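Since the structure comes first, as structure tokens, the remarks are kept for the end.
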Amino acid sequence: TYCRMIQLTPTTERSGGSWAGMAVDSTSDPARRAPSALRHDVETAEKIEHTISYMMDHLDHPLQVATLAGMACVSPSHYFALFKRRTSSAPMDYFTRLRMERARKLLDSTTRSVKEVAAALGYDDPFYFSRVFKSVNHVAPSYYRQQQLSQSTLRSRAEENSPCETSFRPSRREDVTK
């Protein structure tokens, strides 16, 4: 990967013997430069995909753009631009949508309370979680669950009331003409 690294070196006694940063640009080595823009685009895509995988694995933790930028070896502002170009959304908006997608799955597939779902996704405040959920899904989490249960009940009733495939047998043309 092409990262701009800061190498800390001890300074002279005049500056009090502290550590000072000296920039070492690993891209200045011609042997390490990307041979074409295409390779650069592929590497950028891989970096963004790697950070998206990280997001998906850490939905239960708070996340900062600076952390993701560090993983991609770029500045936070450059990471933001690269991410937005690749996904058409800001990194934190994308992360929030991933969290709310997981919240919907948990509300659909478990009997956990809204408070427990919020905690499972790293939200300390269930009221804040509910506001975020509603802003993304346009319904409150409790109402979302209620809707899903209603739809599930209607589907199961429709299946119970539908005629069996074996009970209806269309007559053949010969039977009709006789």
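The values are calculated or read from the model by the stated rules, or taken from the named source; none is laboratory data. The structure presented is a predicted model; accordingly, all values stated were derived computationally and were not measured. Virtual Cβ from ideal backbone geometry, glycine too; neighbours counted across all protein chains shown. Please note that ligands, DNA and RNA were not included when accessible areas were found on the heavy atoms of the full protein model with its side chains. Shrake-Rupley method; radii C 1.70, N 1.55, O 1.52, S 1.80 Å.
Of all residues in the stretch 65-90, those that are among the aromatic types (Phe, Trp, Tyr) have Cβ atoms under 7 Å from Cβ atoms of residues that are outside any helix (DSSP H, G or I) and modelled with pLDDT of 95 or more, 6 or more apart or on another chain, in PHE80/ALA90. If only residues of the stretch 90-126 that are part of a loop (DSSP other than H, G, I, E, B), more than 17 Å from the chain's Cα centre (by Cα) and not acidic (Asp, Glu) are counted, the one that is surrounded by the fewest Cβ atoms within 10 Å (Cβ to Cβ) is THR111. Report yes if LEU59 is open to solvent by less than 30 Å² (accessible area, probe 1.4 Å), assigned to a helix (DSSP H, G or I) and not acidic (Asp, Glu), otherwise no. No: the conditions fail for LEU59. Going by the conditions given, is LYS84 open to solvent by 90 Å² or more (accessible area, probe 1.4 Å) and at pLDDT 85 or above? Judged against the criteria, LYS84 is a match. Residues of the stretch 127-165 that are hydrophobic (A, V, I, L, M, F, W, C) and open to solvent by 40 Å² or more (accessible area, probe 1.4 Å): PHE127, VAL136, LEU149, LEU154, ALA158, CYS164.
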